[in-house]
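Notes for the one structure printed next.
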Amino acid sequence: MERPNAWKTYHKTEMKKVEALAETYKEFLNQGKTERECVLYTVNKLEKAGYTSLEDAIDKKKKLKAGDKIYLNQMGKAIVAFHIGKKPLECGMNIVGAHIDSPRIDLKQNPFYEDTDFAMADTHYYGGIKKYQWVARQLALHGVVVKKDGTNVMICIGEKDTDPVFGVTDLLIHLSKEQAEKKLGEAITGENLDIMLGGKPLTGEDKEPVKAQLLKILKDEYQIDEEDMLSAEIEAVPAEKARDFGLDRSMIMGYGHDDRSCAFAELEALLGIREIPEYTCCGMLVDKEEIGSVGATGMQAKYMENAVAEIANLMGNYSELTVRRTLKNSRMLSCDVSAGYDPLYGSAFEKKNAAYLGRGVCYNKFTGVRGKGGSNDANAEFIGKIRKIMDDNKVCWQTAELGRVDLGGGGTIAYICALYGMEVIDSGVAVLNMHAPMEIISKADLYEAVKAYKAFMLNA
Ligand code: MN
Ligand code: MN
């Protein structure tokens, strides 16, 4: 039951569409290296497409009806967008949900120190990373510093060609005998992922002059005091831009394909719906998936449910039962990346049930660890329905599970939405180097994901 390669199905015009989509996607990746930046990009696109803010609609007691487009911006880190359909809300929504946080290195709240004439920043990494991959490479600093008066200072240093970059140093090979004997996962420690920020003392300063120089620059250029770092969120991410990968340019290497490839495909699909849909379409871009979907911007928070209640209310049809029925009767694609088969690490996969780059959007019936633990195991009935929608709409798709049995595992947001009793299945783009600073996807899979998500929203 081998699945066909999507590239073989494309003719000239479609090849052009695949390329054009890839160009837009690379721009999205370059502009959205943090969850906050992804939200800014998304709000801009949504508003251009006629979406308006839910808060505004509530303030103005706007009456909502079929065809209206509304979005909720959850603390600038997550977005839920609704395109209201013809059928009553209680018939359920067609939901696509992806996450926009990616593994990275966060600055601690009290980060700065000086050691042997270097100014350094202490960090705490975010999400699952192989620490050795994050040393000896160019990092950029992105984020926000919130001052006591409530003003925000946006930080983005290391993206322009003329900007400086930062990084975590590694020990020279000549002195690495002891380090090389350590296990891969222990050779670089989390506490040692500190970022080097400077090396020039401030003239006339005796006490920690290099750190003083750093603080002076922050004060002069960004009006930030050291204490302002207590209310800052600064993320160190790879400074490189997304680029074509391979001589045939069939792939893209970039930071944050997990899960911004699915987030982008979802947004493109949603924006591509020009008609009034039968069922209300809902696109979610959520935060904190990489650390368990926790916090007020993670999927476990109830902002989607609350937004549904508000929308029901503005449609003149609010009751607790309406909200419960809407959620229970919904159908969802939990859009998250899949582990692509890597010929260099073939033994980590079971070939018949692996995801292959270029063979289209991937469906995972289940994820989880050790006997599907912690996973959402999608219903066969729902998968049957998905098969028909995909085939009817000529989408290239494949099925997979995450590697060989008992080798490891992982989760997504699927199980959280399934708590409402709705049908949910994982669906995403296959990735190589997942969670490495630079990940790889196939342009064809991204293209098929957009087709799949649109077909799902219009037909599920
Ligand atoms: Mn993911
Ligand atoms: Mn991940």
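The values are calculated or read from the model by the stated rules, or taken from the named source; none is laboratory data. Just so you know, these numbers come straight off a predicted model, no measurement behind them. Don't worry about glycine lacking a Cβ; one is built from the backbone with ideal geometry, like all the others, and counts go over all protein chains shown.
Overview of results
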quantity: Only listed residue being buried (at least 17 other Cβ atoms within 10 Å of the Cβ), closer than 22 Å to residue 266 by Cα and modelled with pLDDT under 95, chosen from 367, 297; calculated: 367
quantity: Scope the stretch 410-460; condition in a strand (DSSP E or B) and within 16 Å of ligand 2 (Cβ to nearest atom); matching residues; calculated: 410, 426, 427, 428, 430, 431, 432, 439, 440, 441
quantity: Any hit, the stretch 27-34, residues being at pLDDT 95 or above, under 20 Å from residue 297 (Cα atoms) and part of a strand (DSSP E or B); calculated: no
quantity: The lone exception for residue 252 - which of (1) buried (at least 20 other Cβ atoms within 10 Å of the Cβ); (2) more than 16 Å from ligand 2 (Cβ to nearest atom); (3) more than 16 Å from residue 22 (Cα to Cα); (4) of a type in the set (Val, Ile, Thr) it fails; calculated: (3)
quantity: Criterion: surrounded by fewer than 18 Cβ atoms within 10 Å (Cβ to Cβ), within 16 Å of ligand 2 (Cβ to nearest atom) and modelled with pLDDT of 95 or more - qualifying residue of 276, 291; calculated: 291
quantity: Residue count, the stretch 92-124 (criterion: hydroxyl-bearing (Ser, Thr, Tyr) and within 16 Å of ligand 1 (Cβ to nearest atom)); calculated: 1
quantity: Enumeration of residues in the stretch 104-125 that are farther than 14 Å from residue 141 by Cα and either charged (D, E, K, R) or within 11 Å of ligand 2 (Cβ to nearest atom) (or both); calculated: 114, 115, 117
quantity: Number of the condition not met by residue 319 [criteria: (1) at pLDDT 95 or above; (2) of a type in the set (Ser, Thr, Tyr); (3) surrounded by 16 or more Cβ atoms within 10 Å (Cβ to Cβ)]; calculated: (3)
quantity: Residue in the stretch 332-351 that is more than 16 Å from ligand 2 (Cβ to nearest atom), among the polar types (S, T, N, Q), crowded, with 21+ Cβ neighbours inside 10 Å and under 17 Å from residue 457 (Cβ atoms) present; calculated: no
quantity: Criterion: outside the structural domain of residue 141 (by TED's automatic domain parsing), touching a His at 6+ places or on another chain (Cβ under 6 Å) and surrounded by 14 or more Cβ atoms within 10 Å (Cβ to Cβ) - qualifying residue of 26, 62, 69; calculated: 69
